[in-house]
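Report on one structure; see the data block that follows.
The values are calculated or read from the model by the stated rules, or taken from the named source; none is laboratory data. Since the model is a prediction, treat every value here as computed from it, not as a measurement. With ideal geometry, Cβ positions are generated from the backbone for all residues, glycine too; neighbour counts draw on all protein chains shown. Ligands, DNA and RNA are stripped out before the accessible areas are found, and what is left, the full protein with its side chains, is counted by its heavy atoms. Shrake-Rupley method; radii C 1.70, N 1.55, O 1.52, S 1.80 Å.
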2 protein chains.
Amino acid sequence: MKTCQVIFQPSGRRGEIPEGKTILEAARILGVGIESVCGGKKSCGKCKIRIDSKNLDRHGIHSLSDHLSPITEEEKKNLTEYDRSQGFRLACAATIRGDVLIFVPEQSRTGNQVVKKDATDKKIHLNPAVRLFTVTLPSPTLDHPLGDFERLSESLAEHFGLHRLEVDYSALLALPGALRQGKWTVTAAVRMEQEILAVFPGAVEEAYGLAIDVGSTTVAGYLCSLRTGRIVGTESFMNPQITFGDDVIARISYVMDNPDGMDKMRGVIIDGLNHLLRTVTGDHDLSPADILEITIVGNTVMHHLLLGIDPRALGFSPFTPAVHRSLDIKARDLGLKANPAANVHFLPIIAGFVGADNVGVLISEEPYRREEMTLIIDVGTNGEMLLGNRERLLSASCATGPALEGAHIRFGMRAAPGAIERIRVDPETFEVSFKIIGEERWRPEFRITGALGICGSGIIDGVAELYRAGVIDPSGRFRTGLATSRILTTDGQPEFVIAWPDETSLAKPITISQQDIRNVQLAKGALYAGAKLLMKKLGIEKLERVVLAGAFGSYIDKTEAMFLGMFPDCEISHVSSVGNAAGDGARIALLNRDKRREAEEMARQVEYLELTLADAFQEEFTSALFIPHMADDFPHLPSIGKP
Amino acid sequence: MKTCQVIFQPSGRRGEIPEGKTILEAARILGVGIESVCGGKKSCGKCKIRIDSKNLDRHGIHSLSDHLSPITEEEKKNLTEYDRSQGFRLACAATIRGDVLIFVPEQSRTGNQVVKKDATDKKIHLNPAVRLFTVTLPSPTLDHPLGDFERLSESLAEHFGLHRLEVDYSALLALPGALRQGKWTVTAAVRMEQEILAVFPGAVEEAYGLAIDVGSTTVAGYLCSLRTGRIVGTESFMNPQITFGDDVIARISYVMDNPDGMDKMRGVIIDGLNHLLRTVTGDHDLSPADILEITIVGNTVMHHLLLGIDPRALGFSPFTPAVHRSLDIKARDLGLKANPAANVHFLPIIAGFVGADNVGVLISEEPYRREEMTLIIDVGTNGEMLLGNRERLLSASCATGPALEGAHIRFGMRAAPGAIERIRVDPETFEVSFKIIGEERWRPEFRITGALGICGSGIIDGVAELYRAGVIDPSGRFRTGLATSRILTTDGQPEFVIAWPDETSLAKPITISQQDIRNVQLAKGALYAGAKLLMKKLGIEKLERVVLAGAFGSYIDKTEAMFLGMFPDCEISHVSSVGNAAGDGARIALLNRDKRREAEEMARQVEYLELTLADAFQEEFTSALFIPHMADDFPHLPSIGKP
């Protein structure tokens, strides 16, 4: 196979490219970013590049036009006469036939390439830790019998300016075979311009990474292309540690009470993550060894248990973690069956109960860049809060329990197909409409499968709606004598039917019980009280912005959340619901290594407030158990029929 | 327990030291080098230090004399009146009672501490990669609930100037337990001022390392104190890969012929090294986890097989290794059961058949610092040679076979107790005297145990002596008609009795056979021919210096080696026999990290000569099979009775 020398300017990247590849393909192989909105379909015209008149001439071909395929009809459409006279071509259309020198103009470069975050307008600057570089080495001779690694190093230095590279042991083991299998053409995965992580025979274009959010209840993984930033696949599973205890305190207790508790809990989560690695890659014809970088967020206890660090000290005052700073650990050392050389980056933690998940929220939401006083609530099995702006940031943690995630709720379930994620109750008729995950439209009009339970966003909707419809009073108690057959009594306790038996797959009704409502009140009361104490500490009376984050079924309905009294009053248009911001943070750190430094710096600056030490907590908590609150005004809530 | 703040100048090292420790002990804990020839017995007076008049005064004690124990009689003997008036004390005698500021004068510092190499005058500058630092941390409080790692980092930065330390994962796992067990006093093992490798509860003074020479036939390990450089223990064993083939070519063939050959050979050597780690530490009440650094030398094939790198490419021209440069790999990644975080440093290699063992010889002998044209022969299962001086260095490798190590010899054995290591044959009577390893004096006068066989140095002596006594002629054939009963005939072939049955533990005589002599001739002929080709390449006629290295029973007798014709003529006083220089090189690299850089640089500069490509090799080899040589003169050999 004939190869051609291709040089890109202004980056200076160069390499041997098989004849017949397009310039766009060559750019990908050599790690040069060229814009391509249409994905190489020759329609968008964004990939305009200029062929430099300096002929490389190695093969003695003097007419430059012979070095590329003839101009196509699509190019004629997308290039002006003037463009063409200046040597412009479309990178996706022109194929390489000889040595070429290519200039990539500013507007065609992807140096500022951004990826949209799901469902938000945030953009992620692409600057991954791991990049691929393809080189063709001279074969060794008796006169120049230089070692395989040294020849690879020299090539990477010459063509890509990568000097003094280290090599991971596993990559070194793979190198002799890869070189010979690839007939001296290999692709090296290089981390941070410092270390060769892996080598693959031949030219490989795509590198993958995995961002993981390890929650106490739910673990979510995002498989991403490190080249484009695209989410290739998403997968979540229930944290298998749940069998050892629902929340972080229960899991610390399990470690204290069982000599092998630590090993067991670490074992099940590592097994779970390895299963995730297999399934999320298998779904896209990849193998776990294709995962070259992993980022992980999680609360401090999940972080310690996953690492195998004894979490005992987190169970007692002063709740000292083993480590705050971010960690970089090889996948093989953790027992994660990704590429053995893959680096696993754990985001830093703020305090014993404000973990790396909150740091994920921090770099995703960036309150430290804003003027407005912002409250960010990350609702998980624990509720963590950040309050502040560019001047100062406070954090706190409240033991909410897992009710707002749908656990400790009679028909609660995690956000999975079949879960009721939206509920509306008509205040006149008490009739219910709902929407389940996996279906597009609301019930009762639209029905395909039966409901299986209620997830976090559903339970928040449900309790808020029961209050708005007057089914429960501000103290959370069921009112009596309402004209509806939806209120049943079981074991002397009232419950409200959300879905009748024929709407479920359970052969029984799905209800919200008095106890469910109590659990939601305890959780939301803790959040509200925590927010009030943070506001007092900062000396502010009003919130200018509220962000609701959490891995719910869908985004929390912000109006319902305010009706429930999850946070103090705020102008509704300044409240936003952002979904799994912790997971977004993991993804951002995966795709942009600069954000890791930002995470490290900001995590150090956030001040932690230990709520359990605040004298006023109990008082605030008691008032906050009411829906929406015993005393506080909510001028921004729409008035409702029967308060 | 009361602790006192101790600061050493001019290093600025400081720390909390338990009351009652001597200043010398404090210096060791804090990593400050103070000379002490008598080992703290108060007799040598080398550990003079000066107490600074600046009182640290934290405990409010204003009289400086109260901060140390009163002056002792031994100190009065070793210190002048003037010394005492200036505040001088002996570090080994003065015990700490309060905060003190100590000045260590130039002559008492061990910055230039040296360790004698066994039986040679070489000195090793001590600068190990791993050092211990003991700190006592403030305990965490709710106001300052900083993570364990961050408190340790802050303390190491404050007291020892160690900033931005990384931490090995295994050290991080051990940290919370070690801190609490040590009541907030821990000793951190820090590598290259960069990474915390391990943490131990309380104050630990001694750090250990292991230097390993992996030969094709014999593996030797040297357990060393990284603080003093002392060899704490030595142990060797036969390379278990020997069951797969005697030499490197046979082992490469085994990999080619057996799909699991690589794994098997790697498995047995790793098992062997793990056994070595257990026994060499166990003999000194240590555990393998106490080994914090390992250096390894070995020929290129041993190097590849130990790493698990396919050695196939080393079996064919152009004999390309996978890697030349030195490697640093965690013990756990290699499967070595030292401290899991221990770094294993593989010295670099020069070429396919001039390996890291030769680089060990190189940094041990340092021919690149000399003016004289030096030939260094490292006799192992392969014979490697270096020839040159500070201007230029050449290397080559000869397939000698293992005869010079005692293998492929009928009664050959490795250098172990019971092996005959020295032989003399009386040219008049043909009577034999010999010496066996483990006994002080020569036989037949001195006899305790029976001989078991003949090791490398013994076989060289034996063949040379048979020639000097006229038992064999220059072509190696037995002469006929000699008046001795020591020549037996077995299967039609003559053999010479070295030890009669009653001198052995074998119930039969130990002999040197015609075939043994042939094998020694083949080996020494290859060495001689190689040396001649290197001399030709450099354009020199005479050797100015010869160094004989190899892991024999004892050092080769240089005169016998020259009688045998192992190398071209040289003034005998300029020939030296240095024992296992490769192992010495591993030990030097273990104790002095600067020599690793030197090894890397010099390995690059040595030019490799492929002898098999040289037309003249066969001709030189044929002439060199004669004893000492068919044609060359040896003006420096003493004349002998019956040549």
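Answer with yes or no whether A:LYS532 is closer than 23 Å to A:THR612 by Cα and open to solvent by 30 Å² or more (accessible area, probe 1.4 Å).
Numbers: closer than 23 Å to A:THR612 by Cα: yes; open to solvent by 30 Å² or more (accessible area, probe 1.4 Å): yes.
Considered against the rule, which asks whether it is closer than 23 Å to A:THR612 by Cα and open to solvent by 30 Å² or more (accessible area, probe 1.4 Å), A:LYS532 comes out as yes.
Is the stretch A:198-211 home to any residue that is within 17 Å of A:LEU307 (Cα to Cα), among the hydrophobic types (A, V, I, L, M, F, W, C), under 23 Å from the mean Cα position of the chain (by Cα) and modelled with pLDDT under 95? No, the conditions are met nowhere in the stretch A:198-211.
Evaluate the following for A:VAL255: is it open to solvent by less than 10 Å² (accessible area, probe 1.4 Å), under 30 Å from A:ALA399 (Cα atoms), within 14 Å of chain B (Cβ to nearest Cβ) and touching a residue at least 24 places away in the same chain (Cβ under 8 Å)? Here the answer is yes, as A:VAL255 does meet what is asked. A single member of B:ARG414, B:ARG441, B:ARG447 is at pLDDT below 75, surrounded by 18 or more Cβ atoms within 10 Å (Cβ to Cβ) and in a loop (DSSP other than H, G, I, E, B), and it is B:ARG414. For the stretch A:380-404, name all the residues that are touching a residue at least 24 places away in the same chain (Cβ under 8 Å) and open to solvent by 30 Å² or more (accessible area, probe 1.4 Å). Answer for the stretch A:380-404, where residues must be touching a residue at least 24 places away in the same chain (Cβ under 8 Å) and open to solvent by 30 Å² or more (accessible area, probe 1.4 Å): A:ARG392, A:ALA399.
Scanning the stretch B:276-310 for residues that are in contact with a helix residue (DSSP H, G or I) (Cβ under 7 Å, 6 or more places away or on another chain), part of a helix (DSSP H, G or I) and either open to solvent by 10 Å² or more (accessible area, probe 1.4 Å) or within 14 Å of another protein chain (Cβ to nearest Cβ) (or both) yields B:ARG278, B:PRO288, B:ASP290, B:THR300, B:VAL301, B:HIS303, B:HIS304, B:LEU305, B:LEU306.
Let's see how each residue does on (1) surrounded by 17 or more Cβ atoms within 10 Å (Cβ to Cβ); (2) at pLDDT below 80:
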residue: A:ARG13; (1), (2): yes, yes
residue: A:GLU35; (1), (2): yes, yes
residue: A:LEU64; (1), (2): yes, yes
residue: A:HIS67; (1), (2): yes, no
residue: A:SER85; (1), (2): no, no
residue: A:ALA93; (1), (2): yes, no
residue: A:ILE96; (1), (2): yes, no
residue: A:LEU101; (1), (2): yes, no
residue: A:SER108; (1), (2): yes, yes
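When residues in the stretch B:356-377 are screened for being within 14 Å of another protein chain (Cβ to nearest Cβ) and more than 17 Å from B:PRO311 (Cα to Cα), 1 of them pass.
With respect to B:GLU195, determine if the residue is of a type in the set (D, E, K, R) and either modelled with pLDDT of 95 or more or closer than 29 Å to A:LYS330 by Cα (or both). Quick ask: steps written out before the conclusion?
Numbers: of a type in the set (D, E, K, R): yes; either modelled with pLDDT of 95 or more or closer than 29 Å to A:LYS330 by Cα (or both): yes.
Here the answer is yes, as B:GLU195 does meet what is asked.
Quick check on B:ALA338: is it surrounded by 24 or more Cβ atoms within 10 Å (Cβ to Cβ), small (Gly, Ala, Ser) and within 14 Å of chain A (Cβ to nearest Cβ)? Taking the combined requirement at face value, the residue does not satisfy it. Look at B:ILE517 and say whether it is under 21 Å from B:ILE409 (Cα atoms), in contact with a Lys or Arg (Cβ under 9 Å, 6 or more places away or on another chain), of a type in the set (Val, Ile, Thr) and touching a residue at least 12 places away in the same chain (Cβ under 8 Å). Taking the combined requirement at face value, the residue satisfies it.
Please count how many residues of the stretch B:514-529 are basic (Lys, Arg) and over 11 Å from B:LEU404 (Cα atoms). Count: 1. Within the stretch B:588-631, can you find the residues that are away from chain A (no Cβ under 14 Å), crowded, with 16+ Cβ neighbours inside 10 Å and not in a helix (DSSP H, G or I)? Selection gives B:ASN592, B:ARG593, B:LEU625, B:PHE626, B:ILE627, B:PRO628, B:HIS629. Filter the stretch A:217-230 for residues that are assigned to a strand (DSSP E or B) and under 30 Å from A:VAL248 (Cα atoms) and give the result. Across the stretch A:217-230, the qualifying residues are A:THR218, A:VAL219, A:ALA220, A:GLY221, A:TYR222, A:LEU223, A:CYS224.
Taken as a whole, the condition of being open to solvent by 50 Å² or more (accessible area, probe 1.4 Å), within 14 Å of another protein chain (Cβ to nearest Cβ) and acidic (Asp, Glu) does not apply to B:ASP271. If you filter the stretch B:311-332 down to residues that are in contact with a Pro (Cβ under 9 Å, 6 or more places away or on another chain) and surrounded by fewer than 19 Cβ atoms within 10 Å (Cβ to Cβ), you find that the one that is nearest to the other protein chains (Cβ to nearest Cβ) is B:PRO318.
Scanning the stretch B:460-517 for residues that are of a type in the set (D, E, K, R) and surrounded by fewer than 16 Cβ atoms within 10 Å (Cβ to Cβ) returns B:ASP473, B:ARG477, B:ARG479, B:ASP491, B:ASP502, B:LYS508.
Highlighted here are the strands (runs of 3 or more DSSP E) found entirely within the stretch B:143-215 that include at least 1 residues which are within 14 Å of chain A (Cβ to nearest Cβ) and surrounded by 23 or more Cβ atoms within 10 Å (Cβ to Cβ): B:185-191, B:195-201. One residue is enough: does the stretch B:543-551 have a residue meeting the conditions surrounded by fewer than 22 Cβ atoms within 10 Å (Cβ to Cβ), over 16 Å from B:PHE621 (Cα atoms) and of a type in the set (D, E, K, R)? Yes, because at least one residue in the stretch B:543-551 is surrounded by fewer than 22 Cβ atoms within 10 Å (Cβ to Cβ), over 16 Å from B:PHE621 (Cα atoms) and of a type in the set (D, E, K, R). Would you say A:LEU375 is outside any loop (DSSP other than H, G, I, E, B), out of contact with any strand residue (DSSP E or B) (no Cβ under 8 Å at 6 or more places or on another chain), open to solvent by less than 10 Å² (accessible area, probe 1.4 Å) and of a type outside the set (D, E, K, R)? No: the conditions fail for A:LEU375. For B:PHE353, the conditions (1) of a type outside the set (Val, Ile, Thr); (2) within 14 Å of another protein chain (Cβ to nearest Cβ); (3) under 23 Å from B:ARG191 (Cβ atoms); (4) in contact with a strand residue (DSSP E or B) (Cβ under 7 Å, 6 or more places away or on another chain) all hold with the exception of (3). Residue check: is B:SER577 in a helix (DSSP H, G or I) and either over 16 Å from B:THR400 (Cα atoms) or free of Cβ contacts under 8 Å to residues at least 40 places away in the same chain (or both)? In short, no. Scanning the stretch A:332-372 for residues that are within 17 Å of A:ILE294 (Cα to Cα), out of contact with any His (no Cβ under 7 Å at 6 or more places or on another chain) and assigned to a strand (DSSP E or B) returns A:ASN343, A:VAL344, A:HIS345.
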